[in-house]
Amino acid sequence: MTEQQSMPEDPERSLEVLSSISDDIMHGEDGPLCAAEIGSELQKQFAILPGGRGISGRPIMVFPEFPEFSELEEQELQSVLGYLTSVPSGAASGVGFILVIDRRLDRWAAVRATLLRIAGSFPGNLNLVLVLRPTTLLQRTLSDFLFKFSRDEFKMKVVMLSSVTELHAYIDPGQLTRELGGTQEYHHESWISHRTAIEAFALMVKTTAQTLQAFGTELAETELPNDAEATTNLLHTHTLKKDTMKEDLQVALSQGGRLLDCINEPLQTDPEYSMTHDELENLETVQRLLGQLDETETAFDDFWEHHRTKLEQCLQLRHFEQHFREVRAQLDVTSERLSSFSEVSVSPAHGEHVLRELGGHEEKACDILDRAVSLACEGDRLIENSHYAEDSIRPKCSELRGVCDEISATLRCKKNLLLRAMEMHHSLEKASQWCEEGIFLLANQPVDRCQSQDGAEAALQELERYLETLPLHTLSDRSAICCQYESVLTTQLRDQVERVFQKQGSVQEMFEKRRISLKKLAAKQTRPVQPVAPRPEVKSPHSSPNQQRKERRYSADNAICKKVHVESPLLNGTRHASLSEEEENLAVLRRHVMNELLETERAYVEELLCVLEGYAAEMENPAMAPLIPSTLLSKKDVLFGNMSEIYQFHKRTFLKELEAYTDFPELVGRCFLERMKDLQIYEAYCQNKPRSESLWRQCSDCAFFQECQKKLEHKLGLDSYLLKPVQRITKYQLLLKELLKYSKGCDGCDDLQEALSSILGILKAVNDSMHLIAITGYEGNLSELGRLLMQGSFSVWTEHKKGHAKVKDLARFKPMQRHLFLHEKALLFCKRREENGEGYEKAPSYSFKHSLSMSAVGITESAKGDNKKFEVWCNSRDEVFIVQAATPEIKTSWVNEIRKVLTQQLKACRDARQPKNLDSVSMSPTSSSSSISLSPFRSSGQKNQKKQDEKKAEPSPTSDANFSSSPKHKVPAAHVTLSRVKWMSTSSLLQSKRQGWSKTSLSVDASEENDGYSSGEDPINSDPEDDGGKKLAQGKYTVVADCEKAGPQELSVKSGDVVQLIREGEDGQWFVRNLRSSKEGWVAAANLLSLISESKSSQSLSSSDGSVSGNISTSSSCSETYTSFSDIKP
């Protein structure tokens, strides 16, 4: 590798020193045998090496009395002799050994056999053999006689000695043991122990040297990794091995120290103790081994220090290179963004907007530039510290600084251009403003006052004073302006400059002509000229006061100019130019938002593709299978949901359609409206998000995700990208709001508004569905309940009525906290339960408690005078739920939505049963003579009749609301003054119908029916089949309830007013004249049914078949009851 070749030579020299020392240790301590290998043979003590020296320092080997010598095996003898001859140093062994054979207690035959065997087996250089012959008379005589004849057989110098005294003549007694008459202390067990320890220590030193040499070679041959993580792991691994080597080295040094203390132990107990030559050699050997270990440790430490420095510098280089790649990529993105950034501005407002946008880019760029400069300084520090890759680091530092300088220069250039353009815009705006004010001054000079000399002089002075400000506010030299702002002059700006100069010239010409005229008037008094009034302008009733003032100003100016022969052709052009400039600003802002929409859409599509290819596809890759945990197997659909479907929709369809509106951003709402159904795929993704989040938390730390993220070079984990679809669907409504703000009055404004509403509807549906899937304990199928309309938390009380006795269920003084889900077909009551967890796992769950079918539901809009409460009841109020919202607005929205559901049920029922309405009414035996009372002022007879009916049966109060089919009038106008409005269930209505609707009066006292919750509330009772046929006729009527007007063209009336119905409009409204206030206006027909009663003119409201008639009246205390007819059967 290049980096490794550029390393300094110090590590190689350190490795050579380490290898040399190790070789010396290994070669110096090689021996044929060890004491540990022949320990049992040495223990027999048939030959010893006590450590004495003879003449010329020859080692003395002693063969003590050993009767079984002849029985020793040859291999055993050779092993012991070979080991003993290897113990003395090479110099001492080369001089030759002196053998002392003690056979004083043996026989001559055994002595002869011993000598012959030693002569044939002794491996070393033999100098002299001294034999202490047998001491018995016979054996000594035999030895003296027979030795002479056998001397030549021994092939070595043998001396027969009769006593140890003779032995002392050859060897100094100090070199002999006490058994041989000497003074030397010798303990065979200690000798064996010392030899074993010395040899074990030598072996340890040898092994340690070999290990260090092998480790050094391994380190020297290791190639440097190419990434920071591998370098870190390698440095950690080598450090662990080094620590192990150091521990082994310390163990060897400790053992050598203990062995050295053991050898020196006699000197510590007896300072006058004289060591034998072998002990001295042992001491020298141990000291030499310890010195070699010290040298090895020093060489190894030196080598390791160089190696560690190399690895640390490699790690620094890898981090530097990684940071360089990241910063370089960010610098490229910043440079590209700045290159594509347009510094062209079309107006001061747009220039300020572009300048703020450039400031945002500059702020982001400064962070990246600071990081780049910091990285370059870090590279400089590496070079100063003698980094081995200096040639690689220095160019990168130069490159970073060069790119930073380039970006900084680009930022300064664009900012300077923008500031210059802003300066020019302000100059143009200042000049235009001066022209506008000058025109206004000319237009507002009174003509009649200018006819006098004093008036003309005053007007002339006013003009002169204004013209003095000309140099301060106008542009003087066109060529100088073009030269000064040449760098920022676009075609559009050049046109603006030309227009301003033309405008200046025209205004100056107007001033000059006015000055000439005024000077003539001031010079001589002429006959007053009657001012010519301009032709009156036709003003629109909707024009603003400011616009009217401008029009008056321009009209007056035109009249004056005609009188004094001064023309101003630029007035209308100026106004149109200003309007055109504002529209162009809005168009630029719309294009800016559209560009953001397209850019973020393309980035979103790329991110989805990256996730699908980098994560989802890798789950099917066999090479990645070992990294996938078991909990993730076959869970791709859970983890990613329908992300693939979302990607295909955006890639193939939505992005291309959005790009088609690049030049028409105000029309992009149509694209959203056309694809609104496709965008509902996000609902399934969001519903699956909790499961995906839970699975991710279980497996987020697995090697599979880490490997995928590493391949993609993503800084953020997969969970951040799984959140992208949720963020994207919420981003659309923000962009649509921005487009709508800049598209007021454009062709596609309505489409943008509708698209925004639809997107918000999708977000609401997604939010509702997230709550809906959290319901537990509901045994049915939630999808059969119809679309979820609303959901929210409320406080709920319950009341029950049992049998004929009305008993309040007061067991619950404290309200129940319930979460209500309003479907098209049912109302669900659930209990909210918080779950433990984080993120999506912390979403609440809902335990199902109760449900009400919307076909059997009635509502009372107010409960106990609380504007936050309303009642929901069923089965003739046998079970009543008092619901309290958090705010009156929430209560109103729920009541309106429930009313809408019941109204739709009623309309559907009427449409389905329209052909049977007349038959249903005529089937009653008393229908021709019955009178349905609609007045709240009932007679006592009616009340008595009601009480009698209650004894026979207990009918429920029923009534049909008066409402219009027009969407604008779904709620009767009389609701403004109603204290309580009730919507009855179809089951109660059906019960009442079966129990006697044919009776003369079906009025029921609402105050009794409501268990005392209402005051003076009388429900209006009528046949629901007949009410749809009531018609209004022209005539005079008395108003019985107040009604405020809802629009500028509608009429407000009060109770007691007499109104005349003049004509009926096409949209279900009547044109009405209030005879008391003489005002006229439109009133919805549905409202009239609840506002008027028949006057003395006896105009009647007839039913559609003419069989039923009655007077309709109501008051502010009446209680309207609206019903649902989905259950009624003929």
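The values are calculated or read from the model by the stated rules, or taken from the named source; none is laboratory data. On a predicted model such as this, the values are computed, not experimentally measured, just so you know. Reconstructed Cβ throughout: ideal geometry from the backbone, glycine too, with neighbour counts over all protein chains shown. All accessible areas refer to the heavy atoms of the entire protein, side chains included, with ligands and DNA or RNA removed. Shrake-Rupley method; radii C 1.70, N 1.55, O 1.52, S 1.80 Å.
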Quiz item: Roughly how many Å² is the accessible area per residue of the stretch 256-371, as a whole number, for a 1.4 Å probe?
Solution: 50 Å²
Quiz item: If you take the beta carbon distance between Leu695 and Ala349 as r and set R0 to 60 Å, what does 1/(1 + (r/R0)^6) give as a FRET efficiency, to the nearest 0.05?
Solution: 0.75
Quiz item: In what order, largest first, do Ser347, Ser851, Ser386 sit by accessible area if the probe radius is 1.4 Å?
Solution: Ser386, Ser851, Ser347
Quiz prompt | Inter-site label distance for Ala523 and Leu33 at 7 Å from Cα along Cβ, in nm | solution = 15.1 nm
Exercise. Return the long-range amide H neighbours of Gly54 (sequence gap of 5 or more, or a different chain), with a cut-off of under 5 Å between placed amide H atoms.
Key: Ile60
Quiz item: How much accessible area does Glu199 have with a 1.4 Å probe, in Å² rounded to the nearest 10?
Solution: 30 Å²
Quiz item: From Cα coordinates alone, what are the radius of gyration and Dmax values for the stretch 210-311 in angstrom?
Solution: 19.5, 67
Practice problem: Pull out the extension gain between Asp663 and Glu754, defined as 0.36 nm times the separation in residues minus the alpha carbon to alpha carbon distance; nm, one decimal. | Solution: 30.7 nm
Quiz item: Over the heavy atoms of Lys831, what accessible area does a 1.4 Å probe trace out, to the nearest 10 Å²?
Solution: 80 Å²
Exercise. Give me the accessible area of Thr776, 1.4 Å probe, in Å² rounded to the nearest 10.
Key: 70 Å²
Quiz prompt | Linear extension gain, Leu712 paired with Glu879, 0.36 nm per residue minus alpha-carbon span | solution = 53.9 nm
Quiz prompt | the stretch 423-524 - percent of accessible surface contributed by carbon and sulfur, probe 1.4 Å | solution = 49 percent
Practice problem: Rounding to the nearest 20 debye, state how big the charge dipole of the stretch 368-445 is about its Cα centre with +1 on each Lys and Arg Cβ and -1 on each Asp and Glu Cβ. | Solution: 80 debye
Practice problem: Filter the cross-link list Lys737/Lys864; Lys710/Lys737; Lys656/Lys737 down to pairs whose alpha-carbon distance in this structure exceeds 31 Å. | Solution: Lys737/Lys864; Lys710/Lys737
Quiz item: For the stretch 132-224, what does the equivalent ellipsoid look like in terms of its semi-axes, each the square root of 5 times an eigenvalue of the Cα gyration tensor, given largest first in whole Å?
Solution: 53, 19, 11
Quiz prompt | Inter-label distance, nm, simple model (7 Å from Cα along the C-beta direction), Ala214/Glu674 | solution = 7.6 nm
Self-check item: Gained length - Leu633 relative to His236, 0.36 nm times residue gap less alpha-carbon distance
Solution: 139.5 nm
Quiz item: Say the dipole of the stretch 399-455 comes from +1 at the beta carbon of Lys and Arg and -1 at that of Asp and Glu; which of Gln445, Ala409, Leu419 then lies farthest toward its positive end?
Solution: Ala409
Self-check item: Net charge dipole size for the stretch 606-723 [Lys, Arg +1 and Asp, Glu -1 on Cβ; Debye, nearest 20]
Solution: 300 debye
Practice problem: Place a label point 7 angstrom from the Cα of Arg602 along the Cα-to-Cβ direction, then list the residues of the stretch 304-342 whose backbone nitrogen is under 20 Å away. | Solution: 329-342
Quiz item: Which whole-Hz couplings ³J(HN,Hα) result when phi for each residue of the stretch 169-186 is put into the Karplus expression 6.51 cos²θ - 1.76 cosθ + 1.60, θ = phi - 60°, listed in order with x for Gly and Pro?
Solution: 5, 8, 10, 5, x, x, 9, 10, 7, 5, 5, 10, x, x, 10, 6, 8, 9
Quiz prompt | R0 of 56 Å, Cβ-Cβ distance Thr1038-Glu583: FRET efficiency to nearest 0.05 | solution = 0.55
Quiz item: If you roll a 1.4 Å probe over the heavy atoms of the protein chains, what accessible area per residue do you get for the stretch 658-702, in Å²?
Solution: 47 Å²
Quiz item: Which residues' amide hydrogens lie under 5 Å from the amide hydrogen of Val346, considering only partners 5 or more residues apart or on another chain, with H built in the peptide plane?
Solution: Gly351
Practice problem: Would you calculate the separation in nanometres between label points at Leu138 and Cys482, each defined as 7 Å from the Cα along the Cα-to-beta-carbon direction? | Solution: 15.3 nm
Quiz prompt | Exposure rank, largest accessible area first [Leu627, Leu137, Leu906; 1.4 Å] | solution = Leu137, Leu627, Leu906
Self-check item: Of all accessible heavy-atom area on the stretch 616-723, the percent that carbon and sulfur account for (1.4 Å)
Solution: 48 percent
Self-check item: Dipole magnitude (debye, nearest 20) for the stretch 282-349, charges at Cβ of Lys, Arg, Asp, Glu
Solution: 460 debye
Practice problem: Estimate the FRET efficiency between Ser340 and Leu472 by the formula 1/(1 + (r/R0)^6), using the beta-carbon distance for r and 51 Å for R0, to the nearest 0.05. | Solution: 0.80
Quiz item: Which order do Asp1042, Asp367 take when ranked by solvent-accessible area (1.4 Å probe, heavy atoms of all protein chains), largest first?
Solution: Asp367, Asp1042
